[in-house]
Amino acid sequence: MIRNIKTPHLPQGEVRHAIIGEKYRDLLEKPLILRGIEPIWMPDNPYVDERLSGHADISVNKFSENSVILSKYLQNTELFEQLQALGYNCLFAKNPEKPQYPYDAGLNVCQIADTLIYNRRTVCEELNNKIEGAVSNRIDCRQGYTKCSVCIVNESSIITADKAIHNNVIEFGMDSLLINEGIVNLSGFDYGFIGGATFKLNSHQIAFTGMIESSSEKNAIENFLNERGIEAVYLTEKKLFDIGSAILLTELI
């Protein structure tokens, strides 16, 4: 039986449908299909920096079991039709007014169970209003790209290279592994984000888009995951690269 994932980013069964930027199709289609995942390819967002235009976590946010909010450019696209076919209620946020940060970060918040890690100054009004009933706790951060910055491990653990987010979630009572910034590639930038390079495959596996070349960082990450009963799965042999993560939609139970 396939159902919509109840808690955003935290599947219990095997993920079956996920939104991923179309520009990463050549790299990821085969490894995803081999794992039983049917990608829903997101067309590039023309309202943001071209280097980030394929990042799903900038243009889509799944904030509840059956609801997603989309950047308005996705209205009347095949992606919109596919979401409706899966039973999702699709809402829309205004396209970014300007292509640069922080105008492009309106949908890029990190929801972990009933806790929201976000920047209250950059979250868009449409999402902020809708997510109110989905979370009980809010951790306000300076970083607007909070979903990009956070690899969600489980309901109480994250991995991040952002020191402020790391300190904030620890103070809140969650576990956090602080890593170095340079382990993730993002074309056109000095480095990418760990949250944009990872997503869960099920409750006990996390996908990494590529390899972690630093042995010390890889060991620290794998040890942190193993302590929580989670395995790292490397989808390609390329250096770990930022795709804007994946928006997980359905799971097999």
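The values are calculated or read from the model by the stated rules, or taken from the named source; none is laboratory data. Source: prediction; values computed, not measured. No Cβ is skipped: glycine too gets one built from the backbone with ideal geometry, and neighbour counts run over all protein chains shown. Side chains included, ligands, DNA and RNA excluded: accessible areas come from the protein's heavy atoms. Shrake-Rupley method; radii C 1.70, N 1.55, O 1.52, S 1.80 Å.
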Margin query: surrounded by 19 or more Cβ atoms within 10 Å (Cβ to Cβ) and not in a helix (DSSP H, G or I): is that true of Gly229 in this structure?
Written below: no
Check: So which residues in the range 242-253 are crowded, with 19+ Cβ neighbours inside 10 Å and either without any contact (Cβ under 8 Å) to a residue 60 or more places away in the chain or assigned to a strand (DSSP E or B) (or both)?
Finding: Ile247, Leu248, Leu249, Thr250, Glu251
Notebook entry, point to check: Is it the case that the range 71-91 has a residue that's of a type outside the set (Ser, Thr, Tyr), crowded, with 21+ Cβ neighbours inside 10 Å and in contact with a Cys (Cβ under 6 Å, 6 or more places away or on another chain)?
Noted result: yes
Check: Within the set of pairs 6+ apart or on separate chains, which have a first residue in the range 131-151 that is part of a loop (DSSP other than H, G, I, E, B), a second that is of a type in the set (Phe, Trp, Tyr), and C-beta atoms under 8 Å apart?
Finding: Cys141/Tyr118; Gly144/Tyr101; Tyr145/Tyr101; Tyr145/Phe193
Check: Would it be correct to say that Gly210 is surrounded by fewer than 22 Cβ atoms within 10 Å (Cβ to Cβ) and farther than 25 Å from Arg25 by Cα?
Finding: no
Note to self: On the basis of being out of contact with any helix residue (DSSP H, G or I) (no Cβ under 7 Å at 6 or more places or on another chain) and either in a strand (DSSP E or B) or more than 26 Å from Ile221 (Cβ to Cβ) (or both), does Val169 make the cut?
What the structure shows: no
Notebook entry, point to check: Inside the range 35-91, can you point out the residues that are among the hydrophobic types (A, V, I, L, M, F, W, C), part of a helix (DSSP H, G or I) and under 19 Å from the mean Cα position of the chain (by Cα)?
Noted result: Leu52, Ala56, Ile58, Leu74, Leu79, Phe80, Leu83
Note to self: Kindly evaluate Phe199 against the criterion of being at pLDDT 95 or above, assigned to a helix (DSSP H, G or I), open to solvent by less than 50 Å² (accessible area, probe 1.4 Å) and in contact with a Ser or Thr (Cβ under 9 Å, 6 or more places away or on another chain).
What the structure shows: no
Check: For Ile253, are the conditions met, namely being more than 15 Å from Cys148 (Cα to Cα), modelled with pLDDT under 95 and over 14 Å from the mean Cα position of the chain (by Cα)?
Finding: yes
Notebook entry, point to check: Does Ser216 fit the bill of being of a type in the set (S, T, N, Q), more than 16 Å from the chain's Cα centre (by Cα) and not in a loop (DSSP other than H, G, I, E, B)?
Noted result: yes
Next item on the list: Taking the residues in the range 114-135 that are under 18 Å from Leu91 (Cβ atoms) and acidic (Asp, Glu) as candidates, determine which candidate is surrounded by the most Cβ atoms within 10 Å (Cβ to Cβ).
Entry: Glu126
